[in-house]
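Single-structure report; data block below.
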Amino acid sequence: MANVRDIITQQFIDALAKDKIPWRRPWSLGVPQNVEGRPYSGINRFLLAFLPYKDPRYVTMKHCNRLGGKIKQGEHGHIICYYGPGSKKQVANTDGTTTEKQNRILLYYRVFNVEQTEGMNVKELETHTIDSVQVAEEIDACFIDKPEIRWGNDKAAYSPTLDLIYMPDRDSFVSSEEFYSTKWHEFGHSTKHETRLNRKSDKDHDDVGREAYSREELVAEMTAAFLLAEAGMDSPEVMENAEAYIQSWSRALSNDPSMVTWAAAKAAQAADYILGKHRILQDVQEAVVSEENLIAA
């Protein structure tokens with residue numbers, strides 16, 4: 001079986017080589033999802049997001065057949081990933097004993113867009129009109145411990161030392177999409193701060209040099225893309241100094257096939273943090289603990 005990370009990375013490199021940023025595209029019909037309406041997350045959202053379909057729904061061949069349909073002749077499936085059980089190994093404990101540990105390996109299977117099928121018994125795609133700017137403002141409000149933003153700067157930047165975001169004035173942006181995309185990119189950077197997610201590279205990603213810069217830029221860009229999807233906004237076709245970003249990312253991706261999956265996971269954490277989902281989970285966990293304590297009492 002082919003190495004999944006190599007396949008994913010090559011898809012991104014091919015798109016970047018064509019001066020395209022794969023995850024920047026319209027999301028007006030919703031984020032990629034299965035036919036039951038469950039959105040894909042992490043790397044799968046990005047793998048499917050830049051495919052040329054208007055319908056955001058995907059299905060496996062087996063599920064398509066179960067729904068009375070079939071795949072159109074000549075159509076090819078698209079890769080999505082999941083972690084499955086790998087080999088088992090014995091891990092030494094500090095007390096001299098050993099514990100069996102199950103490794104996880106990255107696997108993949110193929111799905112087809114609804115437009116690639118025929119005869120399938122599924123509901124018509126529902127579309128909704130939303131006030132994207134209002135939703136964007138609600139997203140901003142969810143980020144309750146966001147850094148101070150200093151306006152009037154000649155470029156956008158985040159200072160981790162000062163924990164400050166510098167932004168041009170809003171009226172200097174050509175569209176609301178560009179404004180929020182730029183701001184949320186810096187929001188993404190700010191989640192790395194030690195008072196938030198304290199994002200650090202793991203042992204396979206020593207945080208040095210140009211590749212470390214490229215990784216963090218990739219996380220920030222993907223974070224912005226997640227938030228644009230939440231707001232139902234059309235993503236800008238290009239970004240300022242895109243050529244430099246593309247060249248930097250392409251080199252780094254070629255050198256490190258695991259970067260895309262790593263960055264997507266970190267970006268998902270960052271977007272959830274900005275949206276306050278970590279606080280909801282914490283509240284639920286605290287409620288469960290409180291209930292257990294009451295029962296025990």
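The values are calculated or read from the model by the stated rules, or taken from the named source; none is laboratory data. None of the values given here were measured: they were computed from a predicted structure. We place every Cβ from the backbone using ideal geometry, glycine too, and count neighbours over all the protein chains shown.
Computed quantities for the displayed model
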read-out	value
So Val122, is it β-branched (Val, Ile, Thr) and not assigned by TED's automatic domain parsing to the domain that holds Phe187	yes
Looking only at the stretch 242-258, and only at residues there that are of a type outside the set (Gly, Ala, Ser) and either within 22 Å of Thr182 (Cα to Cα) or outside the structural domain of Asn198 (by TED's automatic domain parsing) (or both), the one that is modelled with the highest pLDDT	Trp249
Single residue of Glu115, Glu137, Glu100 found to be in a helix (DSSP H, G or I), in contact (Cβ under 8 Å) with a residue 12 or more places away in the chain and of a type in the set (D, E, K, R)	Glu115
Close pairs from the stretch 31-54: first touching a residue at least 60 places away in the same chain (Cβ under 8 Å), partner of a type in the set (D, E, K, R) and in a loop (DSSP other than H, G, I, E, B), Cβ under 7 Å, at least 6 apart	Ala49/Arg25
Boolean, Ala271 is surrounded by fewer than 18 Cβ atoms within 10 Å (Cβ to Cβ), modelled with pLDDT of 80 or more and closer than 27 Å to Trp184 by Cβ	no
The listed residue being among the hydrophobic types (A, V, I, L, M, F, W, C), closer than 25 Å to Gln11 by Cβ, modelled with pLDDT of 80 or more and surrounded by 11 or more Cβ atoms within 10 Å (Cβ to Cβ), out of Val122, Val133, Val111	Val111
Exclusive hit being in contact (Cβ under 8 Å) with a residue 12 or more places away in the chain, out of contact with any His (no Cβ under 9 Å at 6 or more places or on another chain) and hydroxyl-bearing (Ser, Thr, Tyr), set Tyr158, Tyr166	Tyr166
Residues of the stretch 40-70 satisfying the condition of being modelled with pLDDT under 90 and more than 19 Å from Glu221 (Cβ to Cβ)	Pro52, Tyr53, Lys54, Asp55, Pro56
Positions within the stretch 173-194 being of a type in the set (Gly, Ala, Ser) and at pLDDT 90 or above, in sequence order	Gly188, Ser190
Matching entry among Lys101, Lys89, Lys72 (being under 20 Å from Thr60 (Cβ atoms), charged (D, E, K, R) and exposed (fewer than 13 other Cβ atoms within 10 Å of the Cβ))	Lys72
